[in-house]
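Let me begin by presenting the structure, written as C-alpha cells, before commenting on it.
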Amino acid sequence: MEEPWIERVIREAQESGKFDDAAGVGQPIPDIDRPYDPAWWARRWLVRERYRENAAELARNVVEEIPRILAGTVESEVRAGLESLNTRIEAHNEVCPSGNALPRLDVAGLLKEWAVRRDR
C-alpha cells in the first residue's frame, strides 16, 4: 500500500526538522487532566475576544491621547505622558496573548517630531 500524500509530507517535514521549533513542543497538552467540557472552544473564544476588545480600546485611547500629549509645551511633561502610555501598553501586553499585543510607542521619535513642530 502506498503512503498517502499528506502522511509523506508530514514525515518529510518531521525528518527535515520543520516541527522542531513549533510552539508547545515538549510541553504537556493544556488542560488534558481536566474533565471534558463540550463548550471549551466557546470559552476560549470569549477570552480571546475580551483581550481583542481590550486591545482595541487601549489602541483607541492611545490614538486619542497622543495629540493631546504632543500639544504640551514642556518636554518633560510630554515625555512623561508618552511614557505613561507605554506603561499602559506594557501592562496590557503582559497579560494578553501575543496576538493581541500592542507595539510600544517610539518616545524618542515622537519627542523629535514634537521638538520640530514646537520650533516652527
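The values are calculated or read from the model by the stated rules, or taken from the named source; none is laboratory data. Just so you know, these numbers come straight off a predicted model, no measurement behind them. Don't worry about glycine lacking a Cβ; one is built from the backbone with ideal geometry, like all the others, and counts go over all protein chains shown.
Exactly one residue among Glu49, Glu64, Glu53 is loosely packed, with under 12 Cβ neighbours inside 10 Å, at pLDDT 95 or above and of a type in the set (D, E, K, R), and that residue is Glu64. Within region 70-120, if we keep just the residues that are farther than 15 Å from Arg52 by Cα and polar (S, T, N, Q), the residue that is surrounded by the most Cβ atoms within 10 Å (Cβ to Cβ) turns out to be Asn86. Looking across region 69-104 at every residue that is farther than 12 Å from Leu58 by Cβ, part of a loop (DSSP other than H, G, I, E, B) and among the aliphatic types (A, V, I, L, M), the one that is farthest from the chain's Cα centre (by Cα) is identified as Val74.
Filtered by the rule that a residue be of a type in the set (Ser, Thr, Tyr) and farther than 30 Å from Ile89 by Cα, region 1-54 gives Ser16, Tyr36.
For Asp31, the conditions (1) more than 23 Å from Pro97 (Cβ to Cβ); (2) of a type in the set (Asp, Glu); (3) without any contact (Cβ under 8 Å) to a residue 40 or more places away in the chain all hold with the exception of (1).
What about Ala22, is it over 23 Å from Arg117 (Cβ atoms), more than 25 Å from the chain's Cα centre (by Cα) and at pLDDT below 95? Criteria not met by Ala22. Counting residues in region 39-50 that are over 21 Å from Trp114 (Cβ atoms) and under 11 Å from the mean Cα position of the chain (by Cα) gives zero.
Would you be able to tell me the number of residues in region 1-51 that are part of a loop (DSSP other than H, G, I, E, B) and of a type in the set (Gly, Ala, Ser)? The number of residues fulfilling the criteria is 6. Comparison of Asn54, Asn61 shows that the only residue that is in contact with a Cys (Cβ under 9 Å, 6 or more places away or on another chain), over 24 Å from Ala23 (Cα atoms) and not small (Gly, Ala, Ser) is Asn54.
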